[in-house]
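Contents: one structure, followed by commentary.
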Ligand code: ZN
Ligand code: MN
């Protein structure tokens, strides 16, 4: 039997938790991470008789912003909410309010850069607004099943892509770029550990070179990018083995078990008819008039890939640097502000941002824009290094002092006498001291000239990092040759 080449056919359904203040149809706080169970609830989100939903405008605004950012050709001026009926303990109303046949956004696309330099343009079929359900969990000690309704009514956007992804790795890349976009737009915190981004994957295979679609399986319960990749990879392998053995792939719903790295068959999938969708009678149609849409779209920023391209073009940055600097909007703003204030070669600022500023944002768990060490501080500090007023080492040491004191780098350099030692006499004196104190190393140096670096290091130490290193190296070379 000859081996057949199969092409993976993967589409995703993603649930995105919006970072609004309040829930989608009531005034309860939307973010209840870490809150005790059932403390962020009210009659509306727990479905008490007579309670009526009121649509949160901020949800519509974030949905429109995201729809525009993924190039939806239709951002509907009029969309509708519907009831999706099903019975489950975490759904107190007995139905979920969602958008069924008239969603807010349709026919978009999203470009995913792939590691080989190619890009994959993935069609977004539709995106709609809906509410989240609650959470249930087992309590084996009491033999009970517990329900937490804090998440009932938390605003979500569900995004459905075409089956245009061609590997598990591409699906992972898509999620990485989507997460970046969501944060960039400030639409979602997109923290997967907090379930802000939940992904179902539709997976099938077909003979390479064909275009039809075969029965697919749907993988549920994948909540990290690594898990999405692993689950899809596992399922693609299983389907290839089934088909190679002459069996058919059946349209199952599968659940990914992170611990055992295996897929389990869940219930057979409900059909749409089982949900008995109908228009939500308690809500008006969602009207997004032109003026409102225009006002929202004014807030649409330059998107990450556009900004990356501009950084390469306008600042002559290597693609690698541009990629890192545009990972987060705040970091890219910081780079641009520092670069403008510095006025010199942008690559110099790019290096400082990638080393010192990225380190600071991690240490302080803060976006670059929130650092006490501002872009203006960085520009001034780098200027002092480039003008050879201070050494690089001194500059790095000054960063935390600037952040703590709020004083400008130049003022601290003057107040503490940190200016670089570039005087020939002063450096020569330090070098002589080092040589006098280190007879063994002087001996060893004659056989091993690479030890010069060790001597330079000693001079730097004695000068508390202020010695002009290239000059010290030259002086040491002369003195050691005597
Ligand atoms: Zn509520
Ligand atoms: Mn949904």
What distance in nm separates the two pseudo spin-label positions at residue 120 and residue 423, each 7 Å out from Cα along the beta-carbon direction? 6.5
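With a 10 Å Cβ neighbour count serving as the proxy for reagent exposure, in which order, fewest first, do 356, 111 appear? Each step should come with its number before you reach the end.
Numbers: 356 17, 111 14.
Fewest to most other Cβ atoms nearby, the residues stand as 111, 356.
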Let me have the relative contact order for the stretch 424-480, percent, based on Cα pairs under 8 Å that are six or more residues apart. 48
Mind giving me the nanometre distance, one decimal, between the label points for residue 291 and residue 189, set 7 Å out from Cα along Cα→Cβ? 3.6
To the nearest 10 degrees, how steeply does helix 452-462 sit against the main Cα axis of the chain, on a 0 to 90 scale? 90
Considering the zone a paramagnetic label at residue 210 would reach in this model (a point 7 Å from Cα along the Cα-to-Cβ line), which residues of the stretch 235-251 have amide N under 15 Å from it? 239-250
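Give me the extension gain from residue 438 to residue 302: residue separation times 0.36 nm, minus the current Cα-Cα distance, reported in nm with one decimal. Intermediate results must be reported in sequence, preceding the final value.
Working: separation 136, 0.36 × 136 = 48.96 nm, distance 5.86 nm.
Result: 43.1 nm gained on full extension.
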Using Cα atoms only, what is the angle between the long axis of helix 304-314 and the major principal axis of the chain, expressed in degrees (0 to 90) to the nearest 10? 30
At 7 Å along the Cα-to-beta-carbon direction for both residue 42 and residue 257, put a label point, then send me their distance in nm to one decimal. 4.2
Compute the helix-to-body angle for 392-405: its Cα long axis versus the longest principal axis of the chain, expressed 0 to 90° and rounded to tens. 60
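Between residue 448 and residue 224, how high is the FRET efficiency from 1/(1 + (r/R0)^6) when r is the Cβ-Cβ distance and R₀ = 60 Å? Nearest 0.05. Walk me through the intermediate numbers first.
Working: r = 51 Å, r/R0 = 0.84.
The computed FRET efficiency comes out at 0.75.
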Assuming 0.36 nm per residue, please report the length gained on full extension of the stretch residue 138 to residue 57 beyond their Cα-Cα distance. 25.6 nm
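Below 8 Å, C-alpha to C-alpha, sequence gap of six or more: please give me the relative contact order for the stretch 82-206 in percent. Write down the numbers at each step before the final one.
Details: 183 pairs, mean separation 23.4, N = 125.
Computed over the stretch 82-206, the figure is 19 percent.
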Any idea how far the Cα center of the stretch 79-135 sits from the one of the stretch 335-408, in Å? 42
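Sum -39500 (n - 2.57) across every DSSP H segment of at least 4 residues in the chain, then divide by the residue count to get the 222 nm mean residue ellipticity, nearest 500.
Working: 16 runs with 185 residues, N = 482.
Rounded to the nearest 500, it is -12000 deg cm²/dmol.
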So, in Å, what gap is there between the alpha-carbon centers of the stretch 1-63 and the stretch 187-232? 18
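Using Cα pairs closer than 8 Å and at least 6 residues apart in sequence, work out the relative contact order for the chain, in percent. Working shown, then result.
On the way: 842 pairs, mean separation 66.0, N = 482.
Contact order relative to length: 14 percent.
Order of 437-444, 234-241, 280-287 by packing, highest average Cβ count within 10 Å first?
Working: 437-444: 12.2, 234-241: 18.0, 280-287: 14.0.
Top of the packing list down: 234-241, 280-287, 437-444.
If you take the beta carbon distance between residue 348 and residue 13 as r and set R0 to 41 Å, what does 1/(1 + (r/R0)^6) give as a FRET efficiency, to the nearest 0.05?
The calculated FRET efficiency here is 0.35.
Taken together, the values in this text are just the output of simple stated rules run on the coordinates, not laboratory data. A quick note: this is a predicted structure, and the numbers were derived from the prediction, not measured. Backbone-built Cβ (ideal geometry, glycine too); neighbour counts: all protein chains shown.
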